[in-house]
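The values are calculated or read from the model by the stated rules, or taken from the named source; none is laboratory data. These figures come from a predicted structure and were not determined experimentally. Neighbour counts are summed over all protein chains in view; Cβ atoms, including those assigned to glycine, are modelled from backbone coordinates with ideal geometry.
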Amino acid sequence: MDIPYTVAARPDTGLNNGKIGIWLFLASEVMLFGALFASYVMLRAGATDWPPGATYLNVPLATLNTVVLISSSVTMVLAWASLVKGDFGRFRLFLGITILCGLGFLVVKFFEYSAKFHHEYFPSTNTFLAIYFTLTGLHGLHVIGGMAVNSWLWGPGSKMWKTDPAHFTNRVENAGLFWHLVDLVWIFLFPVLYLL
Amino acid sequence: MAQPTAAVPHHAAPETHHLGFWRTYVFSTDHKTIGIQYAVTGLLFLLFGFSLMMLMRWQLAYPGRALPLLGSLLGEARMPAGIMLPEFYNQLGAMHGTIMVFLGVVPLAVGGFGNFVLPLQIGAPDMAFPRINMASYWCYLPGGVVMLLSFFAPGGSAQSGWTSYAPLADIATSGQTWWLFGMVFLITSSLLGSINFIVTTIQLRAPGLSFFRLPFFVWAQLVTSFLLLLAFPPLEGAAILQLMDRLAGTSFFLPSGLVVSGQALAATGGGNPLLWQHLFWFLAHPEVYVLILPALGIVAEVVANNTRKPLFGYRSMVYSVIFLGFMSFIVWAHHMFITGMGTTMATFFQTTTMIISIPSVVVLTALIISLWGGSIRFTTPMLFALGFLPMFGIGGLTGLPLGLAATDVHLHDTYYVIGHFHYVVAPGTIFGLFAGVYYWFPKATGRAMNETLGRLHFWGSLVFMNVIFMPFFVMGLAGVSRRLYDGGASYAHAQHVLQWNVVSSVGAWCLALAQLPFIFNFFWSAFRGRRVEANPWEATTLEWAAPSPPPHGNFETLPEAHRGPYEYSVPGAGRDFVPQWEAARA
């Protein structure tokens, strides 16, 4: 009993199962972050005063993090493109860089958080910091989740390349789609929290 | 069009022999097992949630009187000397709603019937992602267990209503935190399930089964899945914010200057309690359609099968249900007319609310017209489906005054609201679900349920459901608030309707007795019921092409759809039904 269209596309829809699945998942993620961004708007609109992000946050560090995360999206695409061309070595190189970029992002985030705690800025300090910690914390969890998937595809999961290369390439593509969403959420978070 | 991987008919001798007990019955990836797991767990939670309500009905009928026998068993913290404490009453109320909606009806309607029936109806060997499907159930069950355990948390379970309105829920005892964690599990479960349902419906339809040959039940499940997929994440976001409020000391839902029990609350403030209501109802209004659509789907199947006629207006029903799905995302604030929103906002939301009633009426009307001129077989599933139609009609029509701001100001938060949505969900949705249990039981077990016991169950349920819920309209119109611990006894304006509390409570206990034939029938028929063939109801849709019960992989040969789903009483055909999978007319 095999499930059809796990790898090949169904002719009339032009898609395989995993591709539709990941897009639906991304849609639900958009609704999750969309609701939180909407909450941000409502809280800020109702606030008597709202500090500019730079009062509490480190804009240069966040700019660095933005560059790191965008670069990791580029290497993610390159990793997938290498698989399409059949170059497993380059795939590993680029996916490795993607994972390291994710790690770099988290390290920078760790220093940002510790600096806040050092200055006694906590989620309970005010509503701005509350939404800052909530949104970046949830985004950080998504970075960790994406890195976990990517690491599995880099390590034990990559055995599938030998047995079913088309299926493995699809998996990397879907993991990449998720990674781009993580990147995209940050591209919204950065101006909303740090610059506006 | 041949399918590349499944073109070879697989002669499915029972393939379960190489799977052990755990993989076959507990951690199964087979959609049928998962469906049955969901259905049985959902039915148990329905019974449990109903039991909570039977306790509450004692307090409402006889406020402050000791409950004999059972009362003393529940402990000093809940019912000292058998008399219910207000805190415990609030816990029961919050958990009754939560359990019925999130742990009972949705898991049974979507997780149970969707999982079991949908792949069979589209001629698929299983769900598109069987392991994710298993994960869905195993997120649901821990979520349910967390909810149940919360009764033993310090201060008891959540007690801020199933809506968990802030700021009350923000400052409630720790049971609320358990509630939020439980919800995170349930939301994850429904996310995994809904992705699976949508992908399965789009990708795994049998050859020839185009979208407009799908049974209406599949359409209903498809739209339901989109609602679950897109409406639940905002509640997850809201749950995260409320968890932050409760655990990290933030004030997302706490306004400045909040005073609790005469003392200023030590919080930074600056939050917005209405934000919770917006996020909650953005989920919870689509959730209403999550509750009703699968039941409409089941009723449509049962009506077509038992009138021996095609559904009237199948296409209009499909278009209506899609339109209804879209509209359900922009009506949420009709739950919030008395929160002080401006008249412009109220106008917008009451307009969309009136618009969304149109597709619901189209579907219901189509089902009623489908009865016209049919030679109706009054089987047990058909009785429940026939009961569903007027009951859902009452529920729907009594909702209109709540959707209009002017009348809602009077009716908001009264027993009228409870009457309205219980008519939709209890004799509405739950009747639909009972119809489904009786209808697909032969497919799931290979045995039919007993008809006599089924009739007893139906008539008892129909009578007592109305005895319980009809008085709510009287009480609500008299202005009795829905959340009173004493059922209104301390209010002058409620005195002339208080006797209805007793009527309603007696109705609830009798309804419990009316479920006994069902419970007995369910287990007895599973082992001792009359054995049946693959297609005992002489139905047309693809699930009846599979053996009863279907083996692992479902079909002996891959079915192909040659026609629409409801070819009953086709003129010139030898029999009064032409199944979708038959190539030439008999």
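Candidates in segment A:134-159 are the residues that are exposed (fewer than 15 other Cβ atoms within 10 Å of the Cβ) and more than 12 Å from every other protein chain (Cβ to nearest Cβ); of these, the one that is farthest from A:Ile3 (Cα to Cα) is A:Ile144. All conditions but one from (1) small (Gly, Ala, Ser); (2) surrounded by 20 or more Cβ atoms within 10 Å (Cβ to Cβ); (3) more than 20 Å from A:Gly137 (Cβ to Cβ) apply to B:Gly271; the one that does not is (3).
Checking each residue in segment B:181-200 for being within 10 Å of another protein chain (Cβ to nearest Cβ) and over 18 Å from the mean Cα position of the chain (by Cα) picks out B:Ile195, B:Asn196, B:Ile198, B:Val199, B:Thr200. Filtering segment B:253-274 to residues that are free of Cβ contacts under 8 Å to residues at least 40 places away in the same chain, within 21 Å of A:Pro123 (Cα to Cα) and among the hydrophobic types (A, V, I, L, M, F, W, C) leaves B:Ala264, B:Ala266, B:Ala267. The residue that is nearest to the chain's Cα centre (by Cα), among those in segment A:40-54 that are more than 7 Å from every other protein chain (Cβ to nearest Cβ) and part of a helix (DSSP H, G or I), is A:Tyr40.
Can we say A:Ile3 is within 7 Å of chain B (Cβ to nearest Cβ), at pLDDT below 95 and buried (at least 17 other Cβ atoms within 10 Å of the Cβ)? Against the criterion (within 7 Å of chain B (Cβ to nearest Cβ), at pLDDT below 95 and buried (at least 17 other Cβ atoms within 10 Å of the Cβ)), A:Ile3 qualifies.
If only residues of segment B:212-233 that are without any contact (Cβ under 8 Å) to a residue 60 or more places away in the chain and within 10 Å of chain A (Cβ to nearest Cβ) are counted, the one that is nearest to B:Phe326 (Cα to Cα) is B:Leu229. Applying a threshold of 8 Å to beta carbon distances and a minimum spacing of six or more residues, or different chains, the list of pairs starting in segment B:239-252 at a residue that is facing chain A (nearest Cβ under 7 Å) and part of a helix (DSSP H, G or I) and ending at one that is crowded, with 22+ Cβ neighbours inside 10 Å and among the β-branched types (Val, Ile, Thr) reads B:Ile240/A:Thr134; B:Leu241/A:Thr134; B:Leu241/B:Thr250; B:Met244/A:Thr134; B:Met244/B:Thr250. Can you say whether B:Leu92 is more than 13 Å from the chain's Cα centre (by Cα), of a type in the set (A, V, I, L, M, F, W, C), closer than 29 Å to B:Tyr491 by Cα and outside any loop (DSSP other than H, G, I, E, B), as far as the supplied structure shows? Criteria met by B:Leu92. Would you say A:Lys109 is away from chain B (no Cβ under 14 Å), assigned to a helix (DSSP H, G or I) and touching a Ser or Thr at 6+ places or on another chain (Cβ under 8 Å)? Yes: the conditions hold for A:Lys109.
Within the set A:Phe128, A:Phe37, the sole residue that is over 22 Å from the mean Cα position of the chain (by Cα), within 14 Å of chain B (Cβ to nearest Cβ), in a helix (DSSP H, G or I) and of a type in the set (Phe, Trp, Tyr) turns out to be A:Phe128. From the list A:Pro191, A:Pro123, the lone residue that is closer than 18 Å to A:Leu36 by Cα and not in a helix (DSSP H, G or I) is A:Pro123. Among the criteria (1) at pLDDT 95 or above; (2) outside any helix (DSSP H, G or I); (3) at the interface with another protein chain (Cβ under 8 Å from one of its Cβ atoms), the one B:Glu236 does not fulfil is (2). Within segment A:33-57, take every residue that is touching a residue at least 60 places away in the same chain (Cβ under 8 Å) and aliphatic (A, V, I, L, M) and give me the one that is farthest from B:Leu191 (Cα to Cα). By that ranking, first place goes to A:Ala54. Residues that are outside any helix (DSSP H, G or I) and touching a residue at least 12 places away in the same chain (Cβ under 8 Å) within segment A:62-106 comprise just one, A:Gly86. Every listed requirement among (1) within 30 Å of B:Ile34 (Cβ to Cβ); (2) more than 29 Å from the chain's Cα centre (by Cα) is met by B:Leu498 save one, (1). In segment B:459-475, the count of residues that are over 23 Å from B:Gly97 (Cα atoms) and in contact with a Phe, Trp or Tyr (Cβ under 6 Å, 6 or more places away or on another chain) is zero.
Residue-by-condition table, conditions (1) under 30 Å from B:Ser136 (Cα atoms); (2) among the β-branched types (Val, Ile, Thr); (3) touching a residue at least 24 places away in the same chain (Cβ under 8 Å); (4) part of a helix (DSSP H, G or I):
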site: B:Phe45; (1), (2), (3), (4): yes, no, yes, yes
site: B:Leu52; (1), (2), (3), (4): yes, no, yes, yes
site: B:Leu55; (1), (2), (3), (4): no, no, yes, yes
site: B:Leu60; (1), (2), (3), (4): no, no, yes, yes
site: B:Gly64; (1), (2), (3), (4): no, no, yes, no
site: B:Leu67; (1), (2), (3), (4): no, no, no, no
site: B:Ser72; (1), (2), (3), (4): no, no, no, yes
site: B:Phe88; (1), (2), (3), (4): no, no, yes, yes
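Could you tell me whether segment B:152-167 includes any residue that is touching a helix residue (DSSP H, G or I) at 6+ places or on another chain (Cβ under 7 Å), part of a helix (DSSP H, G or I) and either modelled with pLDDT under 95 or within 14 Å of chain A (Cβ to nearest Cβ) (or both)? Within segment B:152-167, none of the residues are touching a helix residue (DSSP H, G or I) at 6+ places or on another chain (Cβ under 7 Å), part of a helix (DSSP H, G or I) and either modelled with pLDDT under 95 or within 14 Å of chain A (Cβ to nearest Cβ) (or both). Inside segment A:120-132, residues that are in contact (Cβ under 8 Å) with a residue 24 or more places away in the chain and farther than 16 Å from A:Leu61 by Cα make up a count of 6.
Whether a residue is among the small types (Gly, Ala, Ser) and farther than 17 Å from B:Leu247 by Cα was assessed, and B:Gly155 does not pass this test. Only a single criterion out of (1) within 7 Å of another protein chain (Cβ to nearest Cβ); (2) within 29 Å of B:Leu274 (Cα to Cα) is not satisfied by A:Pro11, namely (2). Being farther than 30 Å from A:Pro51 by Cβ and either within 14 Å of the chain's Cα centre (by Cα) or free of Cβ contacts under 8 Å to residues at least 24 places away in the same chain (or both) is a description that applies to A:Gly145. For segment B:184-230, a residue qualifies if it is over 16 Å from B:Gly35 (Cα atoms) and among the small types (Gly, Ala, Ser), and the qualifying residues are B:Ala206, B:Gly208, B:Ser210, B:Ala220.
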